[in-house]
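Okay, structure first, notes after.
The values are calculated or read from the model by the stated rules, or taken from the named source; none is laboratory data. All values derive from a computational prediction rather than experimental measurement. Every residue, glycine among them, receives a Cβ derived from its backbone with ideal geometry; neighbour counts consider all protein chains shown. Accessible surface is based on the protein model in full, side chains and every heavy atom, while ligands, DNA and RNA are left aside. Shrake-Rupley method; radii C 1.70, N 1.55, O 1.52, S 1.80 Å.
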Number of protein chains: 4
Amino acid sequence: MNIEAGGERGFASDNQASVHPEVLAALAAVNTGHQPAYGDDPVTARLAEVVRGHFGERAEVYPVFNGTGANVVALQALTQRWSAVVCPESAHINTDECGAAEKIAGIKLIPVPAPDGRLTPELVDRYATGFGNPQRAQPAVVSITQSTELGTVYPVAETAALAAAAHERGMSLHMDGARVANAAAALDLPLRALTTDAGVDVLSFGGTKNGLLLGEAVVVLNPDAVRGVGFLRKSSMQLASKMRYVSAQLLALLEGDLWLRNARHANAMARRLAGAAAGVPGVEITRPVEANAVFALIPPDAAERLRKRFAFYTWDERAGEVRWVCSFDTREEDVDAFAAALAAELG
Amino acid sequence: MNIEAGGERGFASDNQASVHPEVLAALAAVNTGHQPAYGDDPVTARLAEVVRGHFGERAEVYPVFNGTGANVVALQALTQRWSAVVCPESAHINTDECGAAEKIAGIKLIPVPAPDGRLTPELVDRYATGFGNPQRAQPAVVSITQSTELGTVYPVAETAALAAAAHERGMSLHMDGARVANAAAALDLPLRALTTDAGVDVLSFGGTKNGLLLGEAVVVLNPDAVRGVGFLRKSSMQLASKMRYVSAQLLALLEGDLWLRNARHANAMARRLAGAAAGVPGVEITRPVEANAVFALIPPDAAERLRKRFAFYTWDERAGEVRWVCSFDTREEDVDAFAAALAAELG
Amino acid sequence: MNIEAGGERGFASDNQASVHPEVLAALAAVNTGHQPAYGDDPVTARLAEVVRGHFGERAEVYPVFNGTGANVVALQALTQRWSAVVCPESAHINTDECGAAEKIAGIKLIPVPAPDGRLTPELVDRYATGFGNPQRAQPAVVSITQSTELGTVYPVAETAALAAAAHERGMSLHMDGARVANAAAALDLPLRALTTDAGVDVLSFGGTKNGLLLGEAVVVLNPDAVRGVGFLRKSSMQLASKMRYVSAQLLALLEGDLWLRNARHANAMARRLAGAAAGVPGVEITRPVEANAVFALIPPDAAERLRKRFAFYTWDERAGEVRWVCSFDTREEDVDAFAAALAAELG
Amino acid sequence: MNIEAGGERGFASDNQASVHPEVLAALAAVNTGHQPAYGDDPVTARLAEVVRGHFGERAEVYPVFNGTGANVVALQALTQRWSAVVCPESAHINTDECGAAEKIAGIKLIPVPAPDGRLTPELVDRYATGFGNPQRAQPAVVSITQSTELGTVYPVAETAALAAAAHERGMSLHMDGARVANAAAALDLPLRALTTDAGVDVLSFGGTKNGLLLGEAVVVLNPDAVRGVGFLRKSSMQLASKMRYVSAQLLALLEGDLWLRNARHANAMARRLAGAAAGVPGVEITRPVEANAVFALIPPDAAERLRKRFAFYTWDERAGEVRWVCSFDTREEDVDAFAAALAAELG
């Protein structure tokens, strides 16, 4: 194979990044002989142990392939056939999973307008209605994303308040943690503080956007809230036969502090980028930069030209808002080069 | 991490095998910088080219995570909401996917008793009925497995006859090719001869059981037979964001002859094992050994004791039939050690 | 409207029959003023009372539109998202509901060859397997039809044995009772004896084939076995807004003995027909005539000619087997005319 | 049975009304002898003819049981497995069908805030996005309700503009016509003018709320826009076996002008009620009264007391808004009595 040496490090998404060398090394390390398939292997057993260390003794880990898979398995495990899930309008499950929650799980999503991507107990109160009425899909889950799709972070108290609001109504709290490491880094707290201890019932733990080749996990924090996760993972086509190779990647993140180093770096790069961009006349940073994403208004023609050199997405066509995401492998020079190009473009 | 050095090479399944070193090397080779996500990367583009080389100019490749995923995406693309799929009772989609075809795709499976795991045009004629009758799920696909779950191989003429039987009825032919490489090796034919040229419409191409870490592909051979594969892959949670790392593995198999070397070796090891076992009194080989699996009757207590040293499955509890599967990484000494143990056990 | 006076009374199916005059009268009787919708009306309340009288104090009744609806709501209430249902190959849910169980409920059906349409504990033992194995859809329900699609009837002891076999495995017993009244009449037992008291968990109670315009009911005999019936009925599109008009029909059957009179008559007509036909040279009655259906082998060309005057279906094209079904409104002269024509045809 | 003579005629919903005597008479008229099941009967054939008279020569009619059934069959016929449907937030398919569209069809609903219950081309433009992007469920249908759940009516030009907006994007236009007769009466136009001629592709034609016992129909106006309606009706549990009795009811409405008489009367009663209520101090009519529903703000405690005598629903708890619906069988004296009670209550 003769693939050209590989792209610029752009700002399109943290899923365009490469794989951290320690993760590749972990794959090589487990590549010895045969192992039981489907998770009955020692690598996965070790992962379970490490996950309990991070999330508490009741935590159960189910490695899966991707974030959509983690979310849809989690939501199925938390719901009945007649359930609804309350989520922000901007939730990945609502906007970017090609309707998988509805299609695979038959779930009704109740999307809630939430300008900064965060739900509140008041919004839950307003949108989770119709309990007991057979005309209404029954609200069963509040689903939040941490850090959010809009680059914001729920403080622990807000998550805890949402958990309380959910539990009061007999609902569960699901956290889409595709970037939960970035949130933990931003809050400077252990993973457990913003999940288990805040009342989250099930976490979709993200690895791919934090340096893995691929690999996420459904982490059940409250086993009383779920049913049939193992069967759902398989029937939802998320059960890896050679699971040790997924588990090894997750272990590479979680056994030491790679998860945190990677996330801290990405967050720092986003702050650096936001800082530089904010100083460029004609650029308006539109949202708090709390994790690894920066949202900004820039003139569309400037965006067009910049995109020739640096990958990034337009987030909101109407508003002219763009999104820049930093990764574990974003370098200071990548940020500085982009900031310089931005300044030159708008200068 | 300190995982013990790794298991014996047993005969439980080719999905308990390790990853071929050339595949790990391919992962490292593409691990440079950022690349577009979701398949818009040069590695995946190169894979598409290579797949066309193997399967013909109309072939389209959609990398996915696992075999169940490949099958369910393929079947959805070939069916309507009211369709049925005719398959052998022993088909993986019927027995080992936790009902994913029914659950995810809403498909009715029509399982056909087929003692050696192979369908025939006569069986299709008998089981594909009720066309036009709204009380009946409409037969839309004939699904066969190559090589079969019972270790047998469809000669090209049989596949072609099934394709004709399907097409005459307005149905399509799907091939679950989790072990299609083993079939090609057994038949000593290029992949195209037993798929595209035999009239197969869509192939689930298997990589995981042939030396990958994980990775399969929906290979559309007849684009006129399918609808919406790209959307179905995503909504069925089978779209890898960092797809270059799945594509690179598939490329490692298909760009050269690794797919064939691996499959030939596994088949040869199965023949070696069958030959040795057949000579042991008290062992009855129950099925033709045409690919990489050996089925045999041995006394249950002997099986029980052997299993303490070598992993393998009982296939049919009632009959006392066991299954031994060989892999790309099964060594002659593994086979010989097992055969010796078998002889000692039954001697 | 000027529709011609209406067909011969043929033998195609009891769902081609008319509506019993007492049922039409019951509709007129409840047609006064407004009533709460969706079942909160006094007619439905009275039905609940009457159903408890027939089936025991724990029985709950959920009127629905049709038999497929009753079956699919019942099966959903008895299963999880990863469940399988063991049923005879000839079960209506398997052969004549256009895949609704799979499509609507995502259930895997495990069809069991059962020559006379009846399951046995041995067959359950053989086909309900894989408990706890995530690769397998988990067997959750045994579904039987009473009287069967082949005109046979389960004696109470056989039903009880199946209930025991199901319950031992943590499964439930569902009875498709589209013709349960015919079975009760044949066994000369109260409804409760062959359902609740025999260990059935949920019954699909059939009305349409026994003289209603339309109307069936999910009758929950063991409330501990189900979840969410009310929500499932609505989300499965089986909740009538003007429910009093469905309930009134079911009441017309069940408040007095209309259900039994109708069923007895239909059964008697089938016996009369079988008796007459058995005496015709060239006719072979192929199955025990235990309820209201007669199966017979007759020469295909004779069948073809007879069908010009009397509606009936060929059941098995290959075998040349036909089916004759009698209804509450089949008259002795209808049977005698048909028998005479049959004799003349084959004389 | 001894059900008490029947309720007051309240204002809770037109589905709490009785059955029009002409409809009951039509049932009796077709109750002669046997007829082919599943729609192959002369009553249904005649209905098809009459429907073509109303909706144009290409119109096809599929009788079903209820409105949710009509909507979900229609939407399935118009969509693929990866489709989204754009509808107003207040749409019955979004709020009152227990998630059936998502659960049964796997469709993603995109609910659009629309204060008066009506979509516009601008809203379609804003919410139907992501065409071709595999991360997004693909917008395939615009679904509107006529008359709307908020008692408003789309003028023909608005429907035509929505049809154009849908068709431009390769989407279809579905009309939930649970109360389409009320809309036609309000607009004083033939049914065809506001459906077929305005570009509607499929209509859910409502009968139950306009005087039937039960019975709706999927009316396909543009056969090129749909696939598999007959199979979808059966697999969605909406195929009546004794269909002549559903068809006869629809015929009773449509063969003469009963549909229009009933609708006009209900609309007139709503206007009478609105007129009377508007004159009561403390009552604020909140929406245009264009069909048979009146929305008003009244003090919650007054609502509570009035409800003891007259059935009606609170529409919006927060706002204190109530809804009063009139039916074909609402009498002037019912309206006047209610208006008097309202005045007395608030006087």
- Note on the structure: Of (1) more than 12 Å from every other protein chain (Cβ to nearest Cβ); (2) surrounded by fewer than 24 Cβ atoms within 10 Å (Cβ to Cβ), A:N292 satisfies every one except (2)
- Of the residues in region C:263-285, how many are open to solvent by less than 10 Å² (accessible area, probe 1.4 Å) and within 16 Å of the chain's Cα centre (by Cα)? 3
- Item | Residues that are polar (S, T, N, Q) and closer than 14 Å to B:V23 by Cβ, drawn from region B:235-262 | B:S247, B:Q249, B:N262
- Do any helices (runs of 4 or more DSSP H) lying entirely in region A:1-83 carry at least 1 residues that are within 30 Å of C:A105 (Cβ to Cβ), and which ones are they? A:67-78
- Query: Looking at (1) part of a helix (DSSP H, G or I); (2) open to solvent by less than 10 Å² (accessible area, probe 1.4 Å); (3) more than 14 Å from chain C (Cβ to nearest Cβ); (4) not hydrophobic (A, V, I, L, M, F, W, C), can you tell me which one A:K234 breaks?
  - Reply: (3)
- Number of the condition not met by A:T148 [criteria: (1) within 12 Å of the chain's Cα centre (by Cα); (2) within 14 Å of chain C (Cβ to nearest Cβ)]: (2)
- Among (1) touching a residue at least 60 places away in the same chain (Cβ under 8 Å); (2) surrounded by fewer than 20 Cβ atoms within 10 Å (Cβ to Cβ), which single condition is C:T79 missing? (2)
- Query: Looking at this structure, is B:P63 more than 10 Å from every other protein chain (Cβ to nearest Cβ), within 27 Å of A:A248 (Cα to Cα), within 15 Å of the chain's Cα centre (by Cα) and open to solvent by less than 30 Å² (accessible area, probe 1.4 Å)?
  - Reply: yes
- Task: Please determine, by comparing only the residues of region D:107-121 that are of a type in the set (D, E, K, R) and under 10 Å from D:S90 (Cβ atoms), which one is farthest from the chain's Cα centre (by Cα).
- Result: D:D116
- Quick one: in region C:301-347, of everything that is over 28 Å from the mean Cα position of the chain (by Cα) and open to solvent by 50 Å² or more (accessible area, probe 1.4 Å), which residue is farthest from D:D40 (Cα to Cα)? C:G347
- Message: I want to confirm something. Restricting to region A:104-113 and keeping residues that are part of a loop (DSSP other than H, G, I, E, B) and either surrounded by 24 or more Cβ atoms within 10 Å (Cβ to Cβ) or touching a strand residue (DSSP E or B) at 6+ places or on another chain (Cβ under 6 Å) (or both), which single residue is farthest from the other protein chains (Cβ to nearest Cβ)?
- Response: A:I107
- So which residues in region D:84-103 are open to solvent by 10 Å² or more (accessible area, probe 1.4 Å) and either assigned to a helix (DSSP H, G or I) or within 9 Å of chain A (Cβ to nearest Cβ) (or both)? D:H92, D:N94, D:T95, D:D96, D:K103
- Note on the structure: Contact list, first residue from region A:163-176 and open to solvent by 10 Å² or more (accessible area, probe 1.4 Å), second anywhere and acidic (D, E), beta-carbon distance below 8 Å, six or more apart or interchain, is A:S172/A:D201
- Query: Looking at this structure, is B:A26 among the small types (G, A, S), within 20 Å of the chain's Cα centre (by Cα), assigned by TED's automatic domain parsing to the domain that holds B:V153 and under 19 Å from B:S247 (Cα atoms)?
  - Reply: no
- Item | Scan of region D:33-54 for residues that are open to solvent by less than 20 Å² (accessible area, probe 1.4 Å) and either more than 18 Å from C:A311 (Cα to Cα) or not small (G, A, S) (or both), ordered by number | D:H34, D:Q35, D:D41, D:V43, D:T44, D:L47, D:V50, D:V51
- Message: Tell me the residue from A:D116, A:D125 that is in contact with a Lys or Arg (Cβ under 7 Å, 6 or more places away or on another chain), more than 8 Å from chain D (Cβ to nearest Cβ) and open to solvent by 10 Å² or more (accessible area, probe 1.4 Å), please.
- Response: A:D116
- Identify the single condition in (1) in contact with a Leu (Cβ under 9 Å, 6 or more places away or on another chain); (2) open to solvent by 50 Å² or more (accessible area, probe 1.4 Å) that D:T159 does not satisfy, given that it satisfies every other one. (2)
- Query: Which members of region D:184-193 meet the condition of being farther than 21 Å from D:V73 by Cβ and touching a residue at least 40 places away in the same chain (Cβ under 8 Å)?
  - Reply: D:A184, D:A185, D:A186, D:P190, D:R192
- Message: When you scan region B:260-275, do you find a residue that is over 16 Å from B:A340 (Cα atoms), within 14 Å of chain A (Cβ to nearest Cβ) and touching a residue at least 12 places away in the same chain (Cβ under 8 Å), even just one?
- Response: yes
- Cβ-Cβ under 8 Å pairs, at least 6 apart or on other chains, region C:211-227 side away from chain D (no Cβ under 14 Å), far side aromatic (F, W, Y) and surrounded by fewer than 24 Cβ atoms within 10 Å (Cβ to Cβ): none
- Query: Among all residue pairs at least 6 apart or on different chains, which show Cβ distances below 8 Å where the first residue, located in region D:245-258, is open to solvent by less than 10 Å² (accessible area, probe 1.4 Å) and the second is modelled with pLDDT under 95?
  - Reply: D:A248/C:M1; D:L251/C:M1
- Message: Scan region A:202-217 and tell me whether some residue there is farther than 22 Å from A:A248 by Cβ and open to solvent by 10 Å² or more (accessible area, probe 1.4 Å).
- Response: no
- Does region D:13-28 hold any residues that are more than 7 Å from every other protein chain (Cβ to nearest Cβ) and open to solvent by 40 Å² or more (accessible area, probe 1.4 Å), and which are they? D:P21, D:E22, D:A25
